[in-house]
Amino acid sequence: MKKIIVTLILLGLLSVGCDSLRFAPTEVQKQNAWLHNRTTTVAADAARAEGASEKLCDLTRLSQLQSRSFTSYYGLPTEFPQADTAEQILAESNFQIADTALQESSQRPEIFDVANNFLDLAIGICAILGGVYGTKAVGFLSQAKVKSKALQEIIAGNEMFKKLNSESVDAFKEAQSSQSPQTRQIVAELKG
């Protein structure tokens, strides 16, 4: 029963992948969202003040409204960049904030980090609940964490092997030589 539950959890994590998981917004991403809101506000004000077409005024007004949801989603930054005027908004530092925020937004957690964090959380919950089943679950989940680490080491070794030489058994053995004794034992158990 335990193996089925862990297998289902791991399959769930693997099938979802890390593309749907994201890190919490960073300070730079919060600053960028706030700057976006300020940019759209200043653009909407400028469009109205310069007597732009009704269509352009409506577009900038809608953009300003949409921008509020980004700021609400990301949260307010602790430090607000200068953005009261168009000249302040167009400062080079704000372009750098936008570039950095773009780079940070593409980062995703590694599947093994997610799995290990999940296992740590499950171990903590089981330890709090205690009892016979809680103690057994902690032991089982701890073993699952060791096996997760072993799998991570195997994959890393296999990737190294692919880079070295896909036809050489000696290169494969060399790539696997950095495995811990626990990993070797788990691999031997899985083979047997």
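Brief remarks follow.
- Matching residues, segment 30-76, being outside any helix (DSSP H, G or I) and either under 22 Å from ALA98 (Cα atoms) or of a type in the set (Asp, Glu) (or both): GLU50, GLY75, LEU76
- Of all residues assigned to segment 139-162, none qualifies as being farther than 25 Å from GLU110 by Cβ and at pLDDT below 75.
- Residue check, GLU110 surrounded by fewer than 13 Cβ atoms within 10 Å (Cβ to Cβ) and in contact (Cβ under 8 Å) with a residue 12 or more places away in the chain: yes
Okay, residues lined up against (1) surrounded by fewer than 13 Cβ atoms within 10 Å (Cβ to Cβ); (2) in the same structural domain as ALA47 (by TED's automatic domain parsing); (3) at pLDDT 80 or above:
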{"site": "SER69", "(1), (2), (3)": "yes, yes, yes"}
{"site": "TYR74", "(1), (2), (3)": "no, yes, yes"}
{"site": "GLN82", "(1), (2), (3)": "no, yes, yes"}
{"site": "GLU87", "(1), (2), (3)": "yes, yes, yes"}
{"site": "LEU90", "(1), (2), (3)": "yes, yes, yes"}
{"site": "PHE95", "(1), (2), (3)": "yes, yes, yes"}
{"site": "THR100", "(1), (2), (3)": "no, yes, yes"}
{"site": "ALA115", "(1), (2), (3)": "no, no, no"}
{"site": "PHE118", "(1), (2), (3)": "no, no, no"}
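- Of the helices (runs of 4 or more DSSP H) lying entirely inside segment 79-185, those carrying at least 3 residues that are hydrophobic (A, V, I, L, M, F, W, C) and closer than 20 Å to ALA24 by Cβ are 92-105, 111-129.
The values are calculated or read from the model by the stated rules, or taken from the named source; none is laboratory data. Predicted, not measured: the structure shown is a model, and the values here were computed from it. Glycine also receives a Cβ, built like all others from the backbone with ideal geometry; neighbour counts cover every protein chain displayed.
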